[in-house]
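The structure appears right after this line, and notes come after that.
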Amino acid sequence: MKLKLHPGLEIKYSTIEGKGCFSKTPVPRGRKIAEYTGERISNAEANRRAGRRRLRICAINERWSLDGSKGGNGTHYINHSCEPNSYMKILYGHILFIALRDIQPGEEITIDYESTLHSNDKRCACRAPSCRGTINRAEG
């Protein structure tokens, strides 16, 4: 099945990890970049699939998640950064990516994953000056 990319995005090699999602157009601060799409699954199924090497699952709420590896639009390649240029907002059951600052064409789109189905000791590779060293934010 051919990936149908969200308009304005492209997938290419990332210096953070594997493939990344990059903007082809300028995105002003506060604007929607794209919506996360994929197969709607229960959180129980999401936890079952969590054993994969590469997770492409985003939680919608306490009951449902989306698996971007099945029917996704390229947003499942958005990598983690401890100094992200966007954030995720859940609105009426839709997962949206919003620009934290102006994003230039060719720039990789990143978010702070904060809490994932990954192990809490999964290492971060973002290389940001304030990198915390792990994908998940430590519980304090």
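The values are calculated or read from the model by the stated rules, or taken from the named source; none is laboratory data. Computed from a predicted model, the values in this text were never measured in an experiment. Quick reminder, even Gly has a Cβ in these numbers, built from the backbone with ideal geometry, and neighbours come from all protein chains shown.
List of remarks:
- Scan of region 29-46 for residues that are of a type in the set (S, T, N, Q) and either surrounded by 13 or more Cβ atoms within 10 Å (Cβ to Cβ) or not in a strand (DSSP E or B) (or both), ordered by number: THR37, ASN43
- Considering region 93-119, the residues that are small (Gly, Ala, Ser) and part of a loop (DSSP other than H, G, I, E, B) include one that is nearest to ARG49 (Cα to Cα), namely SER119.
- Filter result for the condition that a residue is at pLDDT below 90 and among the charged types (D, E, K, R), over ARG54, ARG101: ARG54
- Scope region 66-87; condition over 28 Å from ARG29 (Cβ atoms) and either buried (at least 20 other Cβ atoms within 10 Å of the Cβ) or in contact with a strand residue (DSSP E or B) (Cβ under 6 Å, 6 or more places away or on another chain) (or both); matching residues: ASP67, LYS70, GLY71
- Residue-level check: of (1) surrounded by fewer than 16 Cβ atoms within 10 Å (Cβ to Cβ); (2) under 16 Å from the mean Cα position of the chain (by Cα); (3) small (Gly, Ala, Ser); (4) over 18 Å from GLY93 (Cβ atoms), SER14 misses just (1).
- Where a residue in region 3-20 is of a type in the set (S, T, N, Q) and its partner, wherever it lies, is not in a loop (DSSP other than H, G, I, E, B), with Cβ under 7 Å and at least six apart: SER14/GLY20; SER14/ASN79; SER14/GLU108
- Counted residues, region 68-92 - those being more than 19 Å from LEU9 (Cα to Cα) and either part of a loop (DSSP other than H, G, I, E, B) or touching an Asp or Glu at 6+ places or on another chain (Cβ under 8 Å) (or both): 3
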